[in-house]
Amino acid sequence: MIAPVVEQISDDYQNVLKVVKLNTDENPTTATEYGIRSIPTVMIFINGQKVDTVIGAVPKSTLLTALKKHLKKHKK
């Protein structure tokens, strides 16, 4: 449901961040490791550490707000 939005964000921020998709049916161990119980789940990582999670089919503005909050923190 949010795949087109995630792809837009990936294109818009291609020089700033990396977007990776994971199929939880094909990777149940990873899903369990990160406690993913609802799909879609978007996780934000900085330097390999999870810093935020957005769960559910949220609007693009919600995803961008979460991203921008962490991008600002990381630039400092």
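Of note:
- Residue list for the stretch 1-33, filter: surrounded by 10 or more Cβ atoms within 10 Å (Cβ to Cβ) and more than 24 Å from SER61 (Cβ to Cβ): ASN23, THR24, ASN27, PRO28, THR30, ALA31, THR32
- Among residues of the stretch 45-72, those that are exposed (fewer than 13 other Cβ atoms within 10 Å of the Cβ) and touching a residue at least 60 places away in the same chain (Cβ under 8 Å), counted: 0
All of the numbers you see were taken from the coordinates with simple rules; none came from a lab. Bear in mind the structure is a predicted one, so any value in this text is a computation, not a measurement. Cβ: placed from backbone, ideal geometry, glycine included. Neighbour counts: every protein chain shown.
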